[in-house]
1. Find how much the distance from residue 194 to residue 33 grows on full extension, using 0.36 nm per residue of separation minus their present alpha carbon separation; answer in nm with one decimal.
2. Classify the range 106-220: rounded, prolate or oblate, from the alpha-carbon gyration tensor (a ≥ b ≥ c, eigenvalue square roots; a/c under 1.5 rounded; otherwise prolate if a/b is larger than b/c)?
3. For the range 78-291, what size does the Cα cloud have along each of its three principal axes, sorted from largest down, in whole Å?
4. Given all pairs of different Cα atoms, what value in angstroms does the Kirkwood hydrodynamic radius of the range 146-272 take?
5. Can you match P(r) over Cα pairs in 20 Å bins from 0, in percent to one of these, (i) 21, 36, 31, 12, 1; (ii) 29, 58, 13, 1; (iii) 30, 61, 9, based on a calculation from the structure here?
6. Along each of its three principal axes, how wide is the spread of alpha-carbon positions in the range 297-372, in whole angstrom units, largest first?
7. Under 15 Å Cα-Cα from residue 189, which aspartates and glutamates qualify once same-chain neighbours fewer than 8 residues away are excluded?
8. Find the centroid of the Cα atoms in the range 208-279 and in the range 68-130, then give the distance between the two in whole Å.
Amino acid sequence: MQKSLWLPYFFVVLLSTSCAQKSDKGINIPKTLDFTTELVVGDIQNPWGMVFLQNNAILISEKSGKLLLNNSGKSSEVENLPSIYNRGQGGLMDIELHPDYENNGWIYFSYASTDGEGKGGNTAIMRAKLSGNRLEDKQVLYKASPNSTRGQHFGSRIEFDKDGYLFFSIGERGNRDVNPQDITRDGGKIYRLHDDGSIPKDNPFIGKRGAKTAIYSYGHRNPQGLALHPETGVLWEHEHGPKGGDEINIIEKGKNYGWPIITYGINYSGTEITDETKRPGMEQPLYQWTPSIAPSGMTFVTSDKYPKWKGNLLVGSLAFQYLERLELYDNKVVYREKLLGGMGRVRNVRQDPDEFIYVGIEGKGIYRLVPK
């Protein structure tokens with residue numbers, strides 16, 4: 001894999017010691033900021049997903065089940081959504097545009113749905129088209145089963161790769177001892193489909209008896225970040241650990257990422273889950289956070305508007321309420337910096353087509369980072 005940063009290692013270390021103060025949690029706090037924040041869309045409780053349409057319009061999902069179309073600072077609710085199961089961490093979650101959206105108009109959503117077997121709900125993937133303020137041509141592409149009344153670990157991010165494959169994540173729904181290691185069951189997986197919902201013939205578990213053939217990788221806990229590396233085109237993922245052990249992973253076809261057999265985390269009660277952090281046949285994280293930051297949302301910076309950040313990874317922290325900037329060299333995290341500290345729980349971060357960075361903060365709304 002190519003190097004992810006265009007600075008030599010010694011210079012990165014120099015930056016980390018000369019340009020920032022270091023906190024007692026091992027993360028650097030900048031003395032000065034190279035940007036200001038501008039509130040673009042206010043009064044949003046949980047801005048789970050956002051995509052950027054023509055004429056500076058933004059489509060924003062509220063976990064509670066609202067889809068907002070913001071145009072020139074004014075928001076209106078989109079009609080004709082599917083029925084949303086709003087429970088715990090589940091609701092209306094991520095949004096992504098088809099790579100050829102300008103020609104075909106397809107928008108993709110992840111949401112918690114009660115359709116199918118059992119009480120409660122599970123993660124579903126739908127595509128639809130936006131006609132004015134209304135969804136049309138709705139098509140459910142995937143629905144995880146069985147349903148559960150548990151409120152945790154729905155996932156769920158969406159990303160397209162450079163070949164047009166649709167990737168999405170589903171958490172293990174709180175059933176850690178069964179779902180993530182069993183390829184015949186949904187949950188704790190990254191999935192890959194064609195854009196119309198059909199299953200690629202070269203998916204890794206095609207032909208495996210009883211397997212969910214949409215699965216691309218397994219052994220995940222609760223992935224709430226997916227991003228395509230801008231140089232290599234490889235899919236990166238982050239996921240919530242328990243108490244400690246949040247992870248960044250490079251996703252590879254058919255690989256097992258270990259949860260809960262290996263983990264760097266412990267139970268919330270402080271008891272041990274396992275004494276193993278490594279095992280043959282299970283992938284090691286590229287990076288792990290202990291203590292947990294509760295990561296949500298992730299994007300690579302490719303913009304020239306933030307020249308010091310180009311090639312960096314931005315990740316939201318729900319637990320500590322900040323935006324984390326990670327500098328990378330040779331697929332290693334060599335520097336961490338805390339941005340937007342104290343503003344609130346950062347749910348999502350995206351870069352728009354005009355190369356500005358937008359951040360979704362719970363209880364407040366969508367902010368644009370404006371370079372000085």
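1. Going from the current span to full extension adds 53.8 nm.
2. oblate
3. The Cα atoms of the range 78-291 stretch 54, 39, 36 Å along their principal axes.
4. Kirkwood hydrodynamic radius for the range 146-272: 14.7 Å.
5. The calculated read-out lines up with (iii).
6. The principal-axis extents, from largest down, are 36, 27, 20 Å.
7. In chain and number order, the partners are 159, 172, 177, 237, 239, 247, 252, 283.
8. Rounded to whole Å, the Cα centres lie 25 Å apart.
Read-outs throughout are calculated quantities, based only on the coordinates presented, and are distinct from any laboratory measurement. Every value quoted in this text rests on a predicted model; they were computed, and no experiment measured them.
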